[in-house]
Each structure stands twice: as C-alpha cells, then as structure tokens.
Amino acid sequence: MINISRLAKGFLLVLLANPAVASPPKKGPVIVDYGPVFDVPATAYNLKSGIRYQVSMDVAATAADQTAVNRNLESAARFLNMQAQAGTPTADLELAVVVHGPAARDLLTDDAYFEQFGLPNPNSGLLTGLQTAGVAIYICGQTAAYQGFKPADFHAGVTMALSAITAHARLQAEGFTLTPF
C-alpha cells in the first residue's frame, strides 16, 4: 500500500529543490496583467533574434464558468510574455488569433456580454492588452451569424472574417505558422 502523505511530501521536496518549478510564474512585460510564465534555463531551445516570426493561434474552446478568462486566449499573452522575458525582441513577433465556436462569446463587448450573461466580459482587459500589443484578433463570421451576433457586438478592434477557415488560409498564405495547439 502506498503512503500518500509520504508521496506528497516527496513531490513537494522535488518541487522545492527545482527553482524553475518552485518559483512562481511572472506576468508581463508585454501583457502586464495576463499570461504568467515560469522561468526556464537561458539555454532552453527558443526563437532566434533577428528572425521575423508570424504566428497564428486557433481558439474555439471557452471556459465553462462565464466569470473566468479564456485560458486559450490568455495563451496568446503568455506567448508574448515568455518570448519577451526570454529576450526575443517584440519587433520579431507578429501574432494573430482566430476565434470561432463557443469562444466567440469571449470577444463580446461588455454590454453584449452583460446582455447574454448578466455580467461584464471577464476577457475585456485581456483583449485590450492583446490589441495594444499589436495582436490581430479575427472572429469567424459564420460563427457570429450562427450565434446571432452582430459586428457591433464584438470588442473594438476585432476583425470579422468570412470564416475561421478563410482566416487561417489567408494567414498561412501570408506566412503565418499555425501553432499546433
């Protein structure tokens, strides 16, 4: 029979002995209030400076709790923050996020979100931070129409695409690499 408390103590000791795991994640510097990341060794495989990286992300999932920030959208902030913390110049990065499916609600204005859920959109600050950092955010027009959303229902700066597939095809033709998650 395994002694769970001994196993838990051993795991805790491993965490405390490893400063990369034991140290708390840091937010910023690109998106100050979102996207915390952990320190990793400076020798970690990373992007090369001086190369222009164009990255696109696909976001379809949303949080089950309407009061929570969408962790998939926050991954965009995490990507920018981790690269900046690792020394990648922000000028070397161009990021686009394509949103469709249930995650469309996370791009709504506070008023439109309130109308749907009775509270302001918990993603508003994150969306503002991403857009301030130059992240292009696209909403699938097919999703928007299917869910009954109008262009005015979306946060300022969100661009409506004909479809998510169309947005991805165009971004890839323009040199963006779609992340595999």
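Averaging over all projection directions, the Cα-based convex hull of the stretch 36-83 occupies 4.5 nm² in the image plane. Of all aspartates and glutamates in the structure, those lying under 12 Å Cα to Cα from Lys48, and not within fewer than 8 positions of it along the same chain, are Asp92. Rounded to the nearest 20 debye, the dipole size of the chain about its Cα centre is 620 debye, using +1 on the Cβ of Lys and Arg and -1 on the Cβ of Asp and Glu. If the segment from Thr90 to Ala156 were pulled out straight at 0.36 nm per residue, it would be longer than the present Cα-Cα gap by 21.5 nm. Simple spin-label estimate for Tyr146 and Ile51 gives 3.6 nm between the two label positions (7 Å along the Cα-to-Cβ direction from each Cα). For the chain, the spherically averaged projection of the C-alpha convex hull amounts to 13.4 nm².
Partners of Lys26 within straight-line reach, counting aspartates and glutamates whose Cα lies under 16 Å from its Cα and excluding those fewer than 8 residues away in the same chain: Asp39, Glu74.
With both partners inside the chain, how many of the DSSP beta bridges are antiparallel, as a percent to the nearest 5? Of all bridge pairs located within the chain, approximately 10 percent are antiparallel.
Rule-based calculations on the coordinates, nothing more; no lab input. Since the structure is predicted, the reported quantities are computational estimates derived from the model, not experimental observations. Every residue, glycine as well, gets a Cβ built from its backbone with ideal geometry; the counts of neighbours run over all protein chains shown.
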